[in-house]
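Step one of this worksheet: look at the structure below.
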Amino acid sequence: MYENNGYYDFSEILEELSPKKRVFAALKGEKVDRPPVTSIGGCEGTLIVDVQKATGIYLPDAHKESEKMARLAMASQNLTGLENIRVPFDFVVEPEALGCVIKWPDKIDQELTILTHTYKTPDDLVMPENLLEKGRIPVVLEAIKIIKKEVGESLPITSFMVGPFTLGGGLVGTTNFLVWTLKNPYYVEKFVEFSTDIVLEYAKAQYNAGSDIIAICEPNASCDMIDPRMFKTYVKPALTRITDELEGLKVLHICGKVGPIIQDMADCGFDGISIEEPLDIRKIRPLIGDVKILGNVQSKNLALNTSDAVREEVKKVLGAGVDLVEAGEGILLPTPLDNVKAMVETVKEWKTSSQ
């Protein structure tokens, strides 16, 4: 049996390994023929301008309509060859559902942003009785159901949501929230507690709709934003509560610098951690136990470099022994389709070229 960086040649028994089985096996620490190439973590997801042009389905319509969201997500997987289908396409579903005003872009390569933060103090925090009917949450849940009906068990359906610390910042404004961590910790605690309740209800609904893997994205929890001690104080307990209550496969993504908190991230109980920072995989392995690593092809390089340069970077990531190959920050909207395909093809050729 041939071994290369922890991957084995089980061609006889894994010849017909489906993308879903491969992704599940990789996250569970089971033997795989090669690492999957996916876009589960990351804040940017899988949607690019080239896919919109190829399908004739454009943003912002696909943010608002379940059928278009589902069709665009499935087309993205089909055109890129990535081994998962992911929705939604933006980072503000939850703040919008909770009453924040969203700025809708007028170009297909622009992200949605929060225009008005409507919360001021913990007194404003009221858990909606009908959260799953608010804003575009029903759109996302219906899109998951449509995808599930179409793809069955061949491909993993993955979805994501904002983590509780980042969602708290979205409700009041990130700058205000970060100031509170220093001057008003009680406010931070109450907003994180409220946001954790939101995350749990929405996550369980995503699983029920048909999502196989949920990613919790916490960009505001990186060491670029807060001190590692604050991660232990505010973020880690909330994330641990989430993993305690969610039974399905789950991944934690944090953008930027995470080296000082990598062990705490692993301790939160997720099946995998998605990283953007170009950390030395070999050095962090002893710190994270059995938790799997997703990443860490640099998203900007994927968007801006040549296809040949992308292939070389992907080979380095594979050689370092990452468990699931991904663009660390997700796939940026302007990324050329050819570059995404180069990443995917390089990973899928790894089994053959490594023997």
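The values are calculated or read from the model by the stated rules, or taken from the named source; none is laboratory data. All values reported here derive from a predicted model rather than from experimental measurement. A quick note on method: Cβ atoms are made from the backbone with ideal geometry, for glycine too, and the neighbour counts reach across all protein chains shown.
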Problem - Any hit, the range 184-202, residues being within 20 Å of Ala73 (Cα to Cα), of a type outside the set (D, E, K, R) and either surrounded by 17 or more Cβ atoms within 10 Å (Cβ to Cβ) or more than 15 Å from the chain's Cα centre (by Cα) (or both) - result: yes
Fill in the blank from the handout: Ile275: passes all of (1) hydrophobic (A, V, I, L, M, F, W, C); (2) in contact with a Pro (Cβ under 8 Å, 6 or more places away or on another chain); (3) within 26 Å of Pro88 (Cα to Cα) but (2)
Practice task
Could you list all residues from the range 153-179 that are small (Gly, Ala, Ser), closer than 22 Å to Lys204 by Cβ and not in a helix (DSSP H, G or I)?
Solution key: Ser159, Gly163
Practice task
Working only within the range 241-260, note down all residues that are surrounded by fewer than 24 Cβ atoms within 10 Å (Cβ to Cβ), without any contact (Cβ under 8 Å) to a residue 60 or more places away in the chain and aliphatic (A, V, I, L, M).
Solution key: Leu246
Problem - In the range 287-330, residue modelled with the lowest pLDDT [restricted to those that are assigned to a strand (DSSP E or B) and in contact with a Pro (Cβ under 8 Å, 6 or more places away or on another chain)] - result: Asn296
Completion exercise
Per the filter on the range 113-126, residues out of contact with any helix residue (DSSP H, G or I) (no Cβ under 7 Å at 6 or more places or on another chain) and aliphatic (A, V, I, L, M) are Leu115, Val126
